[in-house]
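Read through the structure below, which is laid out as structure tokens, and then see the notes.
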Amino acid sequence: MNSKTRTPLFHVSKRGLMPWYKTWAIRGLGLLLAVIACGLITTLVTGQNPLQVYAAIFNGSFGSPRKIWVLLQNIAMLLCVSLAVTPAFRMRCWNLGGEGQALIGGLAAAACMILLPGRLPNWAVIACMCVASLAAGALWAAIPAIFKAKWNTNETLFTLMMNYVATQLVAFYCVVWESPKGSGTIGVINSKTEIGWFPQIGSYKYLLNILIVAAVCILMYVYLNYSKHGYEIAVVGESERTARYVGIKVERVIVRTMLLSGALCGLAGLLLVGSTNHTLTTTIVDGRGFTAVMVSWLAKFNPIWMILTSFLLVFLGRGAGEIATKFGLNRSFGDILTGVILFFIIGSEFFINYQIHFRKSGEREGKGSV
Amino acid sequence: MFDFISFIPRAVVQGIPLLLGSTGETLTEKSGNLNLGIPGIMYVGGISGVIGSFFYEQSVETVQPFAAIAIPLACCILGSLLMGLLYCFLTVTLRANQNVTGLALTTFGVGFGNFFGGSLIKLSGSSLPSVILSATSNCFRRSLPAAEKLGAFGKLFLSYGFLAYVAVIIALVSAWVINRTRVGLHLRAVGENPNTADAAGINVSRYKYVATCTGAVIAGLGGLYYVMDYASGVWTNDAFGDRGWLAIALVIFTVWRPNVGVLASFLFGGLYIVHMYIPSGMNLAVKELYKMAPYVVTTIVLVLTSMRNKRENQPPASLGLPYFREER
């Protein structure tokens, strides 16, 4: 028999709880490396001075008051979808359908804006839009949820498919309601009467959205951390068997949470159509349903931290767009940079959850290191 | 009358990228990795091949058929392999969340494809928003000379470029490997229950790495086939569209069986283009509803398999979960 024992070069073990400032220090370090890597890549591709590149990134978000408002608006929309998918994620139910749920909410809002004027006064149209959007989003999430609860259908794949069904449904109505005829797009709805347009607070076009999402963010934080529902979600997420044992009706929690998730996605669609764009296209949600997954996960499903992570992603996205226009690159360069940054941040999570023990030189079996 | 003789070959060429993508994803998922980066990987595979053949076509006067095929093929394999390695490093070695990593990979891959596609368009100085590589494409599209003489039979079975046949062979071989060999048995064990597999002495990480990287390369070939054969060597940004997601849908539709995937991918290819063949008169809107078909069908299959709850039709049990030996 071979009695030699070989100690591997290193082994990995799980880390205990870390104080929050340490975890954020690690994430910050990951982010720093990511930014350096992005600077290097951009310099290699464009031959520009990296400092100029960073200045351009910063300029993309904070260059002018208008840019700051657009930044805030984008953060609010991304945050809204992220907040929406978070309760489901806490339950370990991977709702990748934020895109479709928001889109269908937007479709419902647009339908009200197009079909109801002339029959109802403006305030009633807006009320109908709110109800219809939230209901549509909730319905879109409820379908996978019911199957998940009853037959344990894989919700990741189901919600993913629902996105494309929603996209095609919107494409269908874009042709049905097209104006002008033959353009295949809806154009600005009610541009003369402004029926169904959300009121503007003062001269700030985006302020209403931002305030609504901020309120949702706080409510979601309270809901998840201080309510009975939030507790049930956490238990189901940690262990379904434990949840059943303590008498939580798991099926009900799944459907209820997904309904909430979908309704909030519907809210995002409502805000996009009713308040921001006043039109509907198949790309109005702009991939936020997918980006939201990353926002939520990076913030460890904590609504308050999500403000920071969604800021980060929007900031980088807009910065990358600015680099693209400034240095004559195509806009997809932004996607590459976002991808690189995400890889670094995803990688840095490892060092938060695990630690590496290297083999000590000269260490032998039996000597025992403590 | 519905024109099957012209419809079926078009459905097949539509289906081949999906077949390659879904075979790759099936292999990956069998090892317990849910790689949502497949759409990105297919973009990278396509653009890598385009980059390779672009510079080859620029550097020589006349294109040698062998090099014209070998260079893009090698570039494509290298590009998609690197993507697969990146995914594995993050999810297997660093045990990151697979959904998040996959989505990031898709963002990156699609951006990568469109960025370098755009740069090549600028380099080639063409007035059209696309890169045209017809010489290379002709090598890829060359079919058997007998195809045209044999009438309908030739059109239905022999009119495709060599990659289409390679795709079918890869799918059949993968099915055989997964279900009939020891390696396949180990692979399935890793995907179903990595703890047990580890205890049985199977190197879980190695299986996950090899399966995912092989899967990524196969999926990348799907991107290459799309550009070189289906699109006749024309790269246009975003032209590949959502086919990557359709490939993932196909994995579910075939209940994780690449051999079923051969016919299913042709069916999906058909569903993808059926809106062009169904007479809808002036009503363009209805066409958009037909495009929904592949996704609706997939959803129905997903629901039915979960309702019937047959054990052999279920997703791999540990799909999407990272494996850490010390956590039991």
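Just so it is clear, none of the values below were taken in a lab; they were calculated from the coordinates. As the structure is a prediction and not an experimental result, all values here were calculated from the model. Every residue, glycine among them, receives a Cβ derived from its backbone with ideal geometry; neighbour counts consider all protein chains shown.
Just B:Gly241, B:Gly222, B:Gly117 to compare: in a GNM of chain B, with alpha carbon springs under 10 Å, which one fluctuates most?
Judging by the Gaussian network model, the answer is B:Gly241.
Just to check I understand the Karplus step: with θ = phi - 60° and J = 6.51 cos²θ - 1.76 cosθ + 1.60, what whole-Hz values come out for the range A:76-92, glycine and proline as x?
Per residue, the Karplus-derived 3J(HN,Hα) values read 4, 5, 5, 4, 4, 5, 5, 4, 5, 7, 4, x, 5, 5, 4, 8, 6 Hz.
Considering the convex hull of the alpha carbon atoms of the range A:72-326, report its projected area averaged over all viewing directions, in nm², one decimal.
Projected area, direction-averaged: 14.9 nm².
Per residue of the range A:185-199, what does 6.51 cos²θ - 1.76 cosθ + 1.60 with θ = phi - 60° give for ³J(HN,Hα)? Whole Hz please, x for Gly and Pro, Karplus curve as stated.
Running phi through 6.51 cos²θ - 1.76 cosθ + 1.60 with θ = phi - 60° gives 10, 7, x, 6, 7, 6, 5, 7, 7, 6, 6, x, 7, 5, x Hz.
As a footprinting exposure proxy, order A:Thr159, B:Thr299, A:Thr242 by other Cβ within 10 Å, with the fewest listed first.
If I rank by nearby Cβ atoms, fewest first, I get A:Thr242, B:Thr299, A:Thr159.
Cα-Cα over 21 Å: which of A:Lys14/A:Lys300; A:Lys22/B:Lys208; A:Lys22/A:Lys67?
Working: A:Lys14/A:Lys300 17 Å; A:Lys22/B:Lys208 31 Å; A:Lys22/A:Lys67 33 Å.
In this structure, A:Lys22/B:Lys208; A:Lys22/A:Lys67 lie more than 21 Å apart at Cα.
For chain A, what is the charge dipole size about the Cα centre, in debye to the nearest 20, if Lys and Arg each add +1 at the Cβ and Asp and Glu each add -1 at the Cβ?
About 1000 debye.
Which residue, A:Ser348, A:Cys217, A:Cys38, has the largest displacement toward the positive end of the dipole of the protein assembly as shown when charges sit on each Cβ (Lys, Arg +1; Asp, Glu -1)?
A:Ser348
Under a 5 Å amide H to amide H cut-off, with H placed in plane at 1.01 Å, what residues pair with A:Tyr204 once short-range neighbours are removed?
Those qualifying (amide H under 5 Å, at least 5 residues apart or on another chain) number zero.
With Kirkwood's inverse mean 1/r over C-alpha pairs for Rh, give me the Rg to Rh ratio of the range B:1-148, two decimals please.
1.03
Would you calculate the separation in nanometres between label points at A:Asn152 and A:Ser203, each defined as 7 Å from the Cα along the Cα-to-beta-carbon direction?
Once both label points are built, they end up 6.1 nm from each other.
So for the pair B:Arg206, A:Asn49, with labels modelled 7 Å out along Cα→Cβ, what separation do we get in nm?
5.3 nm
Which of B:Phe140, A:Phe358 has the fewest other C-beta atoms within 10 Å, and how do the rest follow up to the most?
The order, fewest Cβ neighbours first, is A:Phe358, B:Phe140.
Using alpha carbons only, how many degrees (0 to 90, rounded to 10) separate the axis of helix A:250-270 from the longest principal axis of chain A?
60 degrees
Could you state the angle between the C-alpha long axis of helix A:50-62 and the longest principal axis of the C-alpha atoms of chain A, as a value from 0 to 90 degrees rounded to the nearest 10?
Approximately 40 degrees, to the nearest 10.
Rounded if a/c is under 1.5, else prolate if a/b is larger than b/c, else oblate: which is the range A:73-184, with a ≥ b ≥ c the root eigenvalues of its Cα gyration tensor?
Prolate is the answer for the range A:73-184, as a/c is 1.5 or above and a/b outweighs b/c.
A:Val222 versus A:Val176, label points 7 Å from Cα toward the beta carbon: distance in nm?
It works out to 3.9 nm between the two label points.
For the protein assembly as shown, what is the charge dipole size about the Cα centre, in debye to the nearest 20, if Lys and Arg each add +1 at the Cβ and Asp and Glu each add -1 at the Cβ?
Its charge dipole is roughly 1520 debye.
Considering every Cα-Cα pair within the protein assembly as shown, what fraction, in whole percent, is farther apart than 43 Å? Don't skip to the answer; put the middle values down first.
On the way: 62142 of 243253 pairs.
Of all Cα-Cα distances in the protein assembly as shown, 26 percent exceed 43 Å.
First measure r as the distance between the Cβ atoms of A:Leu120 and A:Trp20, then evaluate 1/(1 + (r/R0)^6) with R0 = 56 Å and state the FRET efficiency to the nearest 0.05.
For R0 = 56 Å, the calculated efficiency reads 0.65.
Once whole DSSP H runs in chain B are found, which of them have Cα atoms spread over 27 Å or more along the helix axis and a mean Kyte-Doolittle score of at least -1.0?
In chain B, the long hydrophobic H runs are B:4-30, B:38-59, B:65-88, B:98-124, B:204-225, B:258-277.
Using the C-alpha gyration tensor of the range B:78-207, what are the square roots of 5 times its eigenvalues, in whole angstrom, with the largest one first?
37, 28, 10
What FRET efficiency, computed as 1/(1 + (r/R0)^6) with R0 = 51 Å and r the Cβ-Cβ distance, is obtained for B:Ile169 and B:Lys122, rounded to the nearest 0.05?
It comes to 0.85.
Neighbouring Cβ atoms within 10 Å as the yardstick, rank B:Asp229, A:Asp335, A:Asp286, B:Asp3 fewest first. Mind showing how you got there, number by number?
On the way: B:Asp229 20, A:Asp335 25, A:Asp286 16, B:Asp3 8.
Final ranking by Cβ density, sparse to dense: B:Asp3, A:Asp286, B:Asp229, A:Asp335.
Scan around B:Val234 for amide H atoms under 5 Å from its own, H built in the peptide plane at 1.01 Å from N, and keep only partners 5 or more places away or cross-chain.
Distant-sequence amide H within range of B:Val234: B:Leu133.
Under 16 Å from the Cα of A:Lys150, which aspartates and glutamates turn up, not counting those fewer than eight places away in the same chain?
Once the sequence-local aspartates and glutamates are set aside, what remains near A:Lys150 is A:Glu240, A:Glu251.
If a/c stays under 1.5 just call it rounded; otherwise compare a/b with b/c (prolate if a/b is bigger, oblate if not). Do that for the range B:113-177, with a ≥ b ≥ c from the square roots of the Cα gyration tensor eigenvalues.
The shape class here is oblate.
Residues with amide H under 5 Å of A:Tyr354's amide H, sequence separation 5 or more or different chain, H placed in the peptide plane at 1.01 Å from N; which?
Residues meeting the criterion, in which the H sits 1.01 Å from N, are A:Arg15.
When the Cα atoms of chain B are enclosed in a convex hull and the volume is divided per residue, what value in Å³ results?
Values: hull volume 50.8 nm³, N = 328.
It is 155 Å³ per residue.
Compute the orientation-averaged projected area for the range B:34-95 from the convex hull of its Cα atoms and round it to one decimal in nm².
If I average the Cα hull's projected area over directions, I get 4.5 nm².
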